[in-house]
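Let me begin by presenting the structure, written as structure tokens, before commenting on it.
The values are calculated or read from the model by the stated rules, or taken from the named source; none is laboratory data. Quick caveat, the model's predicted, so the values are computed rather than measured. Don't worry about glycine lacking a Cβ; one is built from the backbone with ideal geometry, like all the others, and counts go over all protein chains shown.
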Amino acid sequence: MRIPFFHVDAFASELFRGNPAGVCLLGEALPDAVMQAIAAENNLPETAFVLRGEGRIGLRWFTPTVEVDLCGHATLAAAHALFAHAGQPGGRVEFQSQSGPLAVEREGELLVLDFPSRPPVACEAPKALVRGLGSAPLEVLGSRDYLCVYERAEDVASLRPDMPLLAGLDRFGVIVTAPGSGDVDFVSRFFAPGDGIPEDPVTGSAHCTLIPYWARRLGRTRLAARQISARGGELSCSLAGDRVRIGGRAVTYLSGEIDL
């Protein structure tokens, strides 16, 4: 079996920035163990598996070690691969996933994700969370991930987390965030060492939580965001009721085939 494969830098307008994702365009379903093995072999933050059938397009995501229920940058990468390399018609693609239907629309140079909103609620901060971050946040909330709020962008940028401590936490990942300045409303970083991602370069799914938090705090529904990882990435964000819209660019780094 030969599987078309694309390595895409998502939430990036040039190569070697944003978040890399693998995209496999499947002609038939693969066993879970095989998809997990491919994701481990790719050793990218996530690999997306796209299965086109009658009236629907299935989408699943795997880190090198586990399957995840939602991944923004690999969904953006999957839509880019379909539009740019697989002749996807029109300006919209809708995927079926573990998180329900997920649409991606072309708006000029941007691909815009339509994702569920995951508002955070206040929660108690585990001692291992504060120790693992090495600096106490002003506020800790939770949804799928812990959301830790700091005073300044410099506080977020200077964090040097203890990854083994964070890996033992009871949630998928840890989002750290602070107000932005200049051309962005807020900044963030994301850590999920317990699931094979020590630091994710740009995390679309984290913005399902960041957008409702910052929309409420700033009193606006349209926001500009930057993830300040080493690779960095820019996201155009908006809140629309119980959904969020997350826009970004994508570029193809590599295309080829996987031989199974």
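Of 15, 59, 51, 30, all but one fail to be of a type outside the set (Phe, Trp, Tyr), at pLDDT 95 or above, over 16 Å from residue 254 (Cα atoms) and assigned to a loop (DSSP other than H, G, I, E, B); the exception is 30. When the range 217-260 is limited to residues that are touching a residue at least 40 places away in the same chain (Cβ under 8 Å) and not in a strand (DSSP E or B), the one that is farthest from residue 106 (Cα to Cα) turns out to be 260.
Collect the residues in the range 175-186 that are modelled with pLDDT of 95 or more and either farther than 18 Å from residue 231 by Cα or crowded, with 24+ Cβ neighbours inside 10 Å (or both), keeping them in residue-number order.
The answer is 175, 176, 177, 178, 179, 185, 186.
Scanning the range 158-209 for residues that are assigned to a helix (DSSP H, G or I) and in contact with a helix residue (DSSP H, G or I) (Cβ under 6 Å, 6 or more places away or on another chain) yields 163, 165, 166, 167, 193, 194. Among the residues making up the range 37-46, those that are hydrophobic (A, V, I, L, M, F, W, C) and either surrounded by 24 or more Cβ atoms within 10 Å (Cβ to Cβ) or over 18 Å from residue 252 (Cα atoms) (or both) are 37, 38, 39, 40. When the range 1-36 is filtered for residues that are β-branched (Val, Ile, Thr) and either surrounded by fewer than 20 Cβ atoms within 10 Å (Cβ to Cβ) or farther than 24 Å from residue 65 by Cβ (or both), the ones remaining, listed by number, are 3, 34. I want to confirm something. Restricting to the range 113-125 and keeping residues that are in contact with a helix residue (DSSP H, G or I) (Cβ under 9 Å, 6 or more places away or on another chain) and not small (Gly, Ala, Ser), which single residue is nearest to residue 241 (Cα to Cα)? Looking at residues that are in contact with a helix residue (DSSP H, G or I) (Cβ under 9 Å, 6 or more places away or on another chain) and not small (Gly, Ala, Ser), I get 116. For the range 71-93, the tally of residues that are surrounded by fewer than 21 Cβ atoms within 10 Å (Cβ to Cβ) and outside any helix (DSSP H, G or I) stands at 7.
Can you tell me which residue is surrounded by the fewest Cβ atoms within 10 Å (Cβ to Cβ) among those in the range 94-109 that are assigned to a strand (DSSP E or B) and in contact with a Leu (Cβ under 6 Å, 6 or more places away or on another chain)? Here the residue is 97.
Close contacts from the range 151-163, counting a first residue that is under 13 Å from residue 174 (Cα atoms) and a second that is among the β-branched types (Val, Ile, Thr) and buried (at least 18 other Cβ atoms within 10 Å of the Cβ), with Cβ to Cβ under 6 Å and a gap of 6+ residues or different chains, come to 156/176; 156/187. Taking residue 47, is it under 16 Å from residue 201 (Cβ atoms), within 15 Å of the chain's Cα centre (by Cα) and without any contact (Cβ under 8 Å) to a residue 40 or more places away in the chain? Criteria met by residue 47.
Matching residues to (1) of a type outside the set (S, T, N, Q); (2) not in a strand (DSSP E or B); (3) not assigned by TED's automatic domain parsing to the domain that holds residue 170:
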| position | (1), (2), (3) |
| --- | --- |
| 111 | yes, no, yes |
| 114 | yes, no, yes |
| 125 | yes, yes, no |
| 129 | yes, yes, no |
| 135 | no, yes, no |
| 140 | yes, no, no |
| 144 | yes, yes, no |
| 147 | yes, no, no |
| 154 | yes, yes, no |
